[in-house]
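Novice: Please read through the structure below; I'll follow up with questions.
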Amino acid sequence: MTLLVGKQTRAIVQGITGNQGSFHTRLMREYGTQIVAGVTPGKGGASAQGVAVYDTVAAALERIDANASIIFVPAPFAKEAGMEAIDAGLNPVVIITEMIPARDSMVLMAYAKEHGATIVGPNTPGVITPGEAKLGIMPGDVFSPGGVGVASRSGTLTYEIASYLTRAGIGQSTCLGIGGDPITGLNFVDVLKMFRDDKSTDAVVLIGEIGGSAEEDAADFIEDTKYAKPVAAYVAGRAAPPGKRMGHAGAIITGTEGTADAKMKRFREVGVRVAEVPSELPRLLQQQKAATIQQ
Amino acid sequence: MKLFEYESKSLAQNLGINTPRGGLASTPDEARDIHKRIGGEVVVKAQVLVAGRGKAGGIKFGSKPDETRDRASEILSMTIKGERVKKVLVEQKLAIKKELFGSIVLDRVNKCQTVLASDQGGIDIEEVASKNPEKILRHRLDPVFGMRGFDARQVALKLGYGGQRLNALTDLLSNLYRLSVIYDAELVESNPLVETSDGKFVAADLRVIVDDNSLFRHPEFQERSKEASAEVTPLEAKARENGLAFVELDGDIGIMGNGAGLVMATLDMVNHYGGKPANFCDVGGGADAEHVATALQIIQGDQKVHKIFINILAGITRCDEVAKGIVEVKKVVGLKKPLVVRMQGTNFDEGKKILDSAGITTLEKMDEAARLVTSPKVA
């Protein structure tokens, strides 16, 4: 079994004719992902990157079989694009779009929950199962197949850390961005559950950042469930001042809440190894593995 | 986007929310005239976006119009936490029976809006939250159906009200919720929310923060969102006009990178090796040469910057475009500060070649580059 995406994934690209949609359709196909159709309202009958374009998801499904969606449509239309994918039974739905109003995300996540659909994002680089397939905008070549599951709130930082792991000979089972927005579909706890039940994952890396409580919640979960797989983490934003949004809508320290130091402390309390700088992560994972084998 | 108290209250009044009678003044004389008009005793409040104006002396009382003029004059000459006071709100002093706290916040964890309320209003609510967390009532709202009448009634009842007062508070809470929906607010907060001795509920203070990502569907805030606010430094305003995510800091190493997480990690790493970042600057994904050049010029134009660290992990972004941007700046205005460039990823070889031929060294590892830029070798 592969998590979220793999060889079995047959994806529709919503917003396929836009710059990003079209460019990344090409890269996803080159990586080996099956992209079976595209959707852009008003462009039905066209073709983009050799993929047939339909006006609606439903129209595409009359002609082809699909089981996943990746969304590139502009923020004002993203909520409905997500609902359209959910209505059609596509699962997972990966939302690359950033700057979606929080209220729209809130309603969309409630809709997804009601229909049992998994949303990755919004404002995510997507999901990759190295060596199999990717639904996302990440550069494929920094990843390598292996046993470490990676979940992150950031895009480029994930690529940075994946490249350290790859260079150190540590491959990855699945890497995904939960998204840089205040409200996202999957959170760290959901992902920890998935990695726990995934046979191809033997250790987990969490890449957090300032703002919110996703890291603290993950730490609570690790403690409460006596999480069986080793977890290492990095938290970005120690140098960030309070009250300022650091690029991501969700990356903001409010009052005394959401600081990197508090998150790192909480992780350490529950036995997660925390890297001071991202390049330490491979070493921490190797130490942890050695410690586990000794036990 | 944070709204001023007077802006928040003007939105609230249109929805039938009680606020104290009063007016906005930019001069001491205007403040005096407002007092004359409304009579009684008044409170003069600094209109600033930063929190904590009360403790900083930004709220004063006036029993006569001349006194109000003097108090207004004092407040109008104040700078509170770096924000200059330009306007004051002059309002009638309420006959307070009880001070409550009521807010509707975006709840990230539960993916909904949540009502936070307390009968311990009027003071710093974070203090209440840390000392007496049981004094804060939390009531989650359905993400689709929002606040229904019974939600508001449950909150009013738990705050200890019955009869007419329960209905009055229910109405006020419902209207605060309506405000959050109509204006896509991530926060609506009234502290204190005052119960007056004649049984009314009045939003004595009101703070609204509008979700920046929803501004595209709020033409009413279009002009306002362009105004330079005290929370944005002139340098930040200039950078943001140019499409950069930019936060000014107080160190001396200018930072540019692609992706919020990577740039945050870059600041952390510079700190870790003993340096002090002068800014956070994210050029975003897929930045072209021109965008990079603009960012570099803004950073090197900052007086306090002594050296610059460019950290690019290219995915959608291409190293050759970044290199072209840097070389462009070198040609046109010159590189005015020592520069350390780290690049990796898409079109690295092409990018390195461009920088090599311009005499600029490129490093491939982030750690190495961070160590170099923080060492005395680069000065």
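The values are calculated or read from the model by the stated rules, or taken from the named source; none is laboratory data. Not measured: the values here are computed from a predicted model. Cβ placement follows ideal geometry from the backbone for every residue including glycine, while neighbour counts extend to all protein chains displayed. Accessible surface areas use protein heavy atoms only, side chains included; no ligands, DNA or RNA. Shrake-Rupley method; radii C 1.70, N 1.55, O 1.52, S 1.80 Å.
Novice: Quick one: what do you get for chain A if you divide its Cα Rg by 2.2 N^0.38 Å?
Specialist: Output field value: 0.98.
Novice: Would you work out which of B:A239, B:L355, B:M343 lies farthest towards the positive end of the dipole of the stretch B:234-374, given +1 charges on the beta-carbon of Lys and Arg and -1 on that of Asp and Glu, about the Cα centre?
Specialist: It is B:L355.
Novice: Pairs A:K7/A:K113; B:K64/B:K93; A:K7/A:K199; B:K55/B:K226; B:K86/B:K226; B:K304/B:K337: which are spaced more than 21 Å apart, C-alpha to C-alpha? All intermediate terms of the calculation are to be shown ahead of the outcome.
Specialist: Working: A:K7/A:K113 26 Å; B:K64/B:K93 12 Å; A:K7/A:K199 17 Å; B:K55/B:K226 30 Å; B:K86/B:K226 18 Å; B:K304/B:K337 11 Å.
In this structure, A:K7/A:K113; B:K55/B:K226 exceed 21 Å between Cα atoms.
Novice: Counting just the Cα atoms, what span does the stretch A:67-108 cover along each of its three principal axes? Round to the nearest Å and put the largest first.
Specialist: For the stretch A:67-108, the Cα extents along the three principal axes come out at 26, 18, 12 Å.
Novice: Return the distance in nm (one decimal) between the two label points of a simple spin-label model at B:E227 and B:S130, each offset 7 Å from Cα along Cα→Cβ.
Specialist: Once both label points are built, they end up 3.2 nm from each other.
Novice: Next question, about the same structure. Using the C-alpha atoms of the stretch A:10-120, what convex hull volume per residue, in cubic angstrom, is computed? Present the calculation step by step, with values, prior to reporting the outcome.
Specialist: Working: hull volume 9.6 nm³, N = 111.
In the stretch A:10-120, the Cα convex hull volume per residue is 86 Å³.
Novice: Could you please put A:Y111, A:Y164 in sequence from largest to smallest accessible area, using a 1.4 Å probe?
Specialist: The ranking, largest first, comes out as A:Y111, A:Y164.
Novice: Springs between alpha-carbon pairs under 10 angstrom, Gaussian network model over chain A: which of A:T124, A:T254, A:T56 fluctuates most?
Specialist: A:T254
Novice: I would also like to ask the following. Anything over 25 Å Cα to Cα? Flag those among A:K79/A:K265; B:K238/B:K276; B:K135/B:K200; B:K276/B:K365, in the order listed.
Specialist: A:K79/A:K265
Novice: Right, here's the next one. Name the residue farthest towards the positive end of the dipole of the stretch B:21-93 from the options B:G52, B:I34, B:G23, assuming +1 on Cβ of Lys and Arg, -1 on Cβ of Asp and Glu, about the Cα centre.
Specialist: Farthest along the dipole direction, towards plus: B:G52.
Novice: What Kirkwood hydrodynamic radius, in Å, does the stretch A:1-66 give when the mean of 1/r is taken over all pairs of distinct Cα atoms and then inverted?
Specialist: The Cα-based Kirkwood calculation yields 11.8 Å.
Novice: What is the dipole size for chain A, taken about its Cα centre, with +1 at each Lys and Arg Cβ and -1 at each Asp and Glu Cβ, in debye to the nearest 20?
Specialist: 560
Novice: Take A:E30, project a point 7 Å from its Cα along the Cβ direction, then tell me which residues of the stretch A:123-146 have their backbone nitrogen under 20 Å from it.
Specialist: Of the residues in the stretch A:123-146, A:125-145 have backbone N under 20 Å from the label point off A:E30.
Novice: Given points 7 Å out from each Cα along the Cα-Cβ axis, report the A:R196 to A:A52 separation in nanometres with one decimal.
Specialist: 4.3
Novice: Treating only the Cβ of Lys, Arg, Asp and Glu as charged (+1, +1, -1, -1), what charge dipole size does the protein assembly as shown show about its Cα centre? Round to the nearest 20 debye. Don't skip to the answer; put the middle values down first.
Specialist: Working: 80 positive and 83 negative charges, 146 e Å.
It comes to approximately 700 debye.
Novice: Please tell me the relative contact order of the stretch B:1-104 in percent, rounded to the nearest whole number, where contacts are Cα pairs under 8 Å and at least six residues apart.
Specialist: Details: 176 pairs, mean separation 35.4, N = 104.
Answer for the stretch B:1-104 is 34 percent.
Novice: Provide the three semi-axes, in whole Å and in decreasing order, of the ellipsoid equivalent to the stretch B:234-374 as defined by the square roots of 5 times the Cα gyration tensor eigenvalues.
Specialist: On the way: eigenvalues 75, 55, 43 Å².
Working from the Cα gyration tensor, I get semi-axes of 19, 17, 15 Å.
Novice: Another question about this same structure. If you put +1 on each Lys and Arg Cβ and -1 on each Asp and Glu Cβ, how big is the dipole of chain B around its Cα centre, in Debye rounded to 20?
Specialist: Details: 53 positive and 53 negative charges, 120 e Å.
Once rounded to the nearest 20, the dipole reads 580 debye.
Novice: Next up: Report ³J(HN,Hα) in whole Hz for each residue of the stretch B:79-87, in order, from the Karplus equation J = 6.51 cos²θ - 1.76 cosθ + 1.60 where θ = phi - 60°; Gly and Pro get x.
Specialist: 10, 9, 6, x, 9, 6, 7, 10, 9
Novice: ³J(HN,Hα) across the stretch B:269-282 via Karplus (A = 6.51, B = -1.76, C = 1.60, θ = phi - 60°), whole Hz, x for Gly/Pro?
Specialist: 5, 4, 4, 4, 8, x, x, 10, x, 8, 6, 10, 9, 9
Novice: Within 10 Å of each Cβ of B:98-105, how many other protein chain Cβ atoms are there on average?
Specialist: 0
Novice: Within 10 Å of each Cβ in A:97-106, how many Cβ atoms from other chains are there, averaged over the peptide?
Specialist: Partner Cβ neighbours, averaged per residue: 6.
Novice: Sticking with this structure for a sec: What FRET efficiency, computed as 1/(1 + (r/R0)^6) with R0 = 51 Å and r the Cβ-Cβ distance, is obtained for B:D142 and B:D66, rounded to the nearest 0.05? The partial results should precede the final answer.
Specialist: Details: r = 53 Å, r/R0 = 1.03.
Given R0 = 51 Å and the Cβ-Cβ separation, E is 0.45.
Novice: OK, next. Go from 0 up to the bin containing the longest alpha carbon distance in chain B, width 20 Å each, and give me the % of pairs per bin.
Specialist: 24, 42, 28, 5, 0
Novice: Per residue of A:19-28, count partner chain C-beta atoms within 10 Å of its C-beta, then hand back the mean as an integer.
Specialist: Average neighbour count from other chains, rounded to a whole number: 1.
Novice: Going by average Cβ neighbours within 10 Å, how do the peptides B:358-364, B:293-299, B:72-78 rank, with the highest at the top?
Specialist: Highest to lowest by the protection proxy: B:293-299, B:72-78, B:358-364.
Novice: What fraction of the Cα pairs in the protein assembly as shown, stated in percent, has a spacing above 36 angstrom?
Specialist: 45
Novice: Starting at the first residue of the stretch B:52-68, write each ³J(HN,Hα) from the Karplus equation 6.51 cos²θ - 1.76 cosθ + 1.60 with θ = phi - 60°, in whole Hz, x for Gly and Pro.
Specialist: Computed from phi, the couplings for the stretch B:52-68 are x, 5, x, 4, 7, x, x, 10, 9, 10, x, 9, 10, x, 5, 5, 4 Hz.
Novice: Tell me, what is the Rg over Rh of the stretch B:201-261, with Rh the Kirkwood radius over Cα pairs?
Specialist: Checking Rg against Rh, the ratio lands at 1.07.
Novice: Follow-up. Could you work out how far helix A:214-224 tilts from the main Cα principal axis of chain A, as a 0 to 90 degree angle to the nearest 10?
Specialist: Its long axis makes an angle of about 60 degrees.
Novice: Here's something else I'd like to know. Could you state the principal axis extents of the C-alpha atoms in the stretch A:138-294, from the largest down, to the nearest angstrom?
Specialist: 42, 35, 28
Novice: How would you classify the stretch A:155-208 from its alpha-carbon gyration tensor, with a ≥ b ≥ c the square roots of the eigenvalues: rounded for a/c under 1.5, else prolate if a/b is greater than b/c, otherwise oblate?
Specialist: Since a/c reaches 1.5 but b/c is at least a/b, the shape of the stretch A:155-208 is classed as oblate.
Novice: GNM on chain A, C-alpha springs below 10 Å: top fluctuator among A:D197, A:D217, A:D87?
Specialist: A:D197
Novice: Given the rule -39500 (n - 2.57) for each run of at least 4 DSSP H residues, summed and divided by the residues of the protein assembly as shown, what is its mean residue ellipticity at 222 nm, to the nearest 500 deg cm²/dmol?
Specialist: Calculated from helices alone, the mean residue ellipticity at 222 nm is -11000 deg cm²/dmol.
Novice: Work out how much length A:A110 to A:E276 would gain on full extension: take 0.36 nm times their residue separation and subtract the Cα-Cα distance, in nm to one decimal.
Specialist: Length gained, A:A110 through A:E276: 56.1 nm.
Novice: Ignoring ligands, DNA and RNA, how do B:F150, B:F101 rank by accessible area with a 1.4 Å probe, largest first?
Specialist: B:F150, B:F101
Novice: A further question on this structure: Hey, any idea what % of chain B's accessible area is carbon plus sulfur with a 1.4 Å probe? Before the final figure, lay out the partial values.
Specialist: Numbers: 8120 of 16580 Å².
About 49 percent, which is the carbon plus sulfur part of the accessible surface.
Novice: Next question. Kirkwood-based Rg over Rh for the stretch B:21-93 (C-alpha set), two decimals?
Specialist: Ratio value, two decimals: 0.94.
Novice: Right, next: Put +1 on the Cβ of every Lys and Arg and -1 on every Asp and Glu Cβ in the protein assembly as shown; which of A:G116, B:G334, A:A214 then has its Cα farthest towards the positive end of the dipole?
Specialist: Most positive-ward Cα: B:G334.
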